[in-house]
1. Could you order peptides 99-105, 4-10 by the average number of other Cβ atoms within 10 Å of their residues, highest first?
2. Multiply the residue gap between Leu103 and Val236 by 0.36 nm, knock off their C-alpha separation, and tell me the result in nm, one decimal place.
3. Quick one: if you take sqrt(5λ) for each eigenvalue of the C-alpha gyration tensor of the stretch 159-218, what semi-axes come out, biggest first, whole angstrom?
4. Amide H neighbours of Ile108 under 5 Å, at least 5 residues apart or on other chains, H built in the peptide plane: list them.
5. Ratio of alpha-carbon Rg to the 2.2 N^0.38 Å globular estimate for the stretch 1-131, to two decimals, please.
6. Mind giving me the FRET efficiency for Ile229 and Lys84? R0 is 45 Å, r the Cβ-Cβ distance, nearest 0.05 is fine.
7. Please give the solvent-accessible surface of Met49 in Å², to the nearest 10, using a probe radius of 1.4 Å with every protein chain present.
8. What percentage of the solvent-accessible surface of the stretch 122-208, computed with a 1.4 Å probe over protein heavy atoms, is contributed by carbon and sulfur atoms?
Amino acid sequence: MKITLIKPNIGRMEHSLYVDEGRMEPLQLGVIAGLTPREHEVVLYDDRMEDIPYDEKTDFVAITVETFTARRAYEIAKEYRDRKVPVIMGGFHPTLIPEEVALHADSIITGDAEWVWNEVLSDFKEYKKFKPHYKSHPGVGQPGCILPRRDLFKGKGYLPITLMQFGRGCPYGCEFCAISVFFEAKLYPRPVEEVIHEVKEQAKKMIFFVDDNIVGDRACAKELFKALIPLKKRWVSQAS
């Protein structure tokens, strides 16, 4: 099968891109590609910096959707569905507002995709269609030390910084925060040895850990920070 992964832009205005000066690698799509067996061909198109070749042959399209990219994601999905290409959507917005997103896709994934992606692939390979809704759950990211397909990012003009994740979620239940809803006010840190292995596998000196609260578990955070010292990397993240 050929699978097309799409990162939508915030939008389009008079056929021009909204300029995004902070264009970083779409880590979530790299992880999805890493989960996909190599028997399948995977291509990635980033709407923030390139035109999407809607007429290029593909078996299905997977779009990651955030609230601020939802309208543009629906426009992209319509282009493919008008061409009879099935579309599946996942991410924060489908998880938080599934009824709306389901109107614009053939299928949606709610929760973390890691736990249902093989089922998605199996269903489409066997039946040439999806279930309407794949219900997943939050959990520790990249299980089994799955590495993102960073080869798909090459040549696209991203900022010279590697995105990684240590922990997903946050232990606090702040009422204004979508993170606490998605992850049910829990933190899911990856094993430190798996993160360190991933750090060693990439060449860039600057790393952005995309965690929403990298110090949500202080003991785990200290273990990671100490393990990073001998690698002599520069890194940045977010913390409460």
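1. On the way: 99-105: 16.6, 4-10: 23.1.
The packing order, highest mean first, is 4-10, 99-105.
2. Values: separation 133, 0.36 × 133 = 47.88 nm, distance 3.78 nm.
Extra length from Leu103 to Val236 when fully extended: 44.1 nm.
3. On the way: eigenvalues 124, 33, 11 Å².
Calculated on Cα positions only, the semi-axes equal 25, 13, 8 Å.
4. Hits under the 5 Å cutoff: Met89, His133, Tyr134.
5. Details: Rg = 13.8 Å, N = 131, 2.2 N^0.38 = 14.0 Å.
Here the Cα radius of gyration is 0.98 times the empirical estimate.
6. Values: r = 54 Å, r/R0 = 1.19.
Approximately 0.25, to the nearest 0.05.
7. 40
8. Numbers: 2780 of 4740 Å².
Whole-percent figure for carbon plus sulfur exposure: 59.
The values are calculated or read from the model by the stated rules, or taken from the named source; none is laboratory data. A quick note: this is a predicted structure, and the numbers were derived from the prediction, not measured. In this analysis, Cβ positions are derived from the backbone assuming ideal geometry, glycine residues included, and neighbour counts consider all displayed protein chains. Protein only, heavy atoms only, side chains kept; ligands, DNA and RNA dropped before computing areas. Shrake-Rupley method; radii C 1.70, N 1.55, O 1.52, S 1.80 Å.
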